[in-house]
1. Checking the condition within 19 Å of the chain's Cα centre (by Cα), of a type in the set (D, E) and within 16 Å of G125 (Cβ to Cβ), which residue from E165, E146 passes?
2. Only one of these conditions is not met by A16: (1) open to solvent by 20 Å² or more (accessible area, probe 1.4 Å); (2) part of a helix (DSSP H, G or I); (3) touching a Gly at 6+ places or on another chain (Cβ under 9 Å); (4) within 13 Å of ligand 1 (Cβ to nearest atom). Which number is it?
3. Give me the pairs, please: first residue somewhere in region 10-21 and free of Cβ contacts under 8 Å to residues at least 60 places away in the same chain, second residue anywhere and within 9 Å of ligand 1 (Cβ to nearest atom) and part of a helix (DSSP H, G or I), beta-carbon distance under 9 Å, and either six or more positions apart or on two chains.
4. Considering region 34-60 alone, what residues qualify as being buried (at least 20 other Cβ atoms within 10 Å of the Cβ), part of a loop (DSSP other than H, G, I, E, B) and more than 14 Å from ligand 1 (Cβ to nearest atom)?
5. Tell me the residue from N89, N129 that is touching an Asp or Glu at 6+ places or on another chain (Cβ under 9 Å) and farther than 26 Å from S314 by Cβ, please.
6. For N159, only one of the following conditions fails: (1) within 16 Å of ligand 1 (Cβ to nearest atom); (2) open to solvent by less than 10 Å² (accessible area, probe 1.4 Å). What is its number?
7. Condition first: under 20 Å from A44 (Cα atoms) and of a type outside the set (G, A, S). Now tell me which residues in region 96-110 satisfy that.
8. Going by the structure shown, is T99 hydroxyl-bearing (S, T, Y) and within 15 Å of ligand 2 (Cβ to nearest atom)?
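The values are calculated or read from the model by the stated rules, or taken from the named source; none is laboratory data. Here the structure is a predicted model, which means the values were calculated and not measured. Quick reminder, even Gly has a Cβ in these numbers, built from the backbone with ideal geometry, and neighbours come from all protein chains shown. When the accessible area is computed, the model is the full protein with side chains, heavy atoms only, and any ligands, DNA or RNA have been set aside. Shrake-Rupley method; radii C 1.70, N 1.55, O 1.52, S 1.80 Å.
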Amino acid sequence: MPKRIIIDTDPGIDDAFAFLLALASPEIKLEALTTTQGNVTLEAATRNALAVLELANASHIPVIAGSVVPLVQPLRASAHVHGESGIGNSKLPTPKSKTIEGHAVDYLIQRVLAEPGELSIFPIGPLTNIAMAIRKEPKFAKAVKELVIMGGAVLEHGNVTPQAEFNIYVDPHAAHIVFHSGVPITLIPLDVTHKCLLKIEHVDRLLKIKSPITKFINDAVEVYLRFSFDHGFTGSALHDPLTLATIIAPELLTFKELHVDVDHSSGVSMGKTFGDFFGNTSKPVNMKVALQVRGEEFIELFIQRMETLAKSIS
Ligand code: RIB
Ligand code: CA
């Protein structure tokens, strides 16, 4: 049976690639996209979500808009990484499809309470929507099957500050609520996503297939590759798609059960996530954290699935 998932997202180039991977994976049933601010504003994120689903002939999948701003922190958007549009230089037509009425937080609550223990949520942007659902509906935390979160940096350096990873940094207060909610959490941090790099030779291989999908990947990733090269990487980290490896290739990941907390003070380490490796806090384990990955094998899997998807969409 395919795993039923809702992706909570701030598309975002790698977010968009995660949608495509989910759609190309028979192990997954993508139930909905809920959007939030993060890489771009909520409006741009929601437009991008609709446009990418339309590109992949998947407009039947509902999109619901969520949080406009973080819980406490001011709004920030990282156009220098994902481009002004949020999906690099890709020029997707204005989507014909529309969002579902209502707020993503209410949608998440309604869906999860209707089918307790059945729906996994994959937050791949700031955790604002998830934290609001936890706070608004006390039954939510017990009813959601699990959270598979792209976020944090445990032993790895940060990417938005020397200490903090972007999704957690944008809304550290939301992360604190989620981390202490009791929901089963799998964390996919920079420790592993920085080892899953999409390189120019991978894009060149995809371009051998003439398809709107391969054109989109090429146009979208140019901006991201430039940012990545400028920061010493040999390719662009597929942060968000890697969360799906927990379903389609879990053998590629190695996990450690840890108590992980987050600094939500406003100081220099705001957004820093840290694991209690020595048991100093005597606090209970609250998540399993991916600390190792067979990154090249994941990238090969991603490319193969994109090749298959591209051949099906002309
Ligand atoms: O730090 C990487 C994360 O921040 C990814 O989810 C990327 O899309 C951005 O949201
Ligand atoms: Ca993201």
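1. On the way: E146 fails: within 16 Å of G125 (Cβ to Cβ).
Of E165, E146, the one residue that is within 19 Å of the chain's Cα centre (by Cα), of a type in the set (D, E) and within 16 Å of G125 (Cβ to Cβ) is E165.
2. (1)
3. F19/D240
4. The one that is buried (at least 20 other Cβ atoms within 10 Å of the Cβ), part of a loop (DSSP other than H, G, I, E, B) and more than 14 Å from ligand 1 (Cβ to nearest atom): A56.
5. Working: N89 fails: farther than 26 Å from S314 by Cβ.
Only one candidate passes the filter, namely N129.
6. (2)
7. Here is the first cut: in region 96-110, the ones under 20 Å from A44 (Cα atoms) are 96-105, 107.
Within region 96-110, K96, K98, T99, I100, E101, H103, V105, Y107 qualify.
8. Values: hydroxyl-bearing (S, T, Y): yes; within 15 Å of ligand 2 (Cβ to nearest atom): no.
The answer is no for T99.
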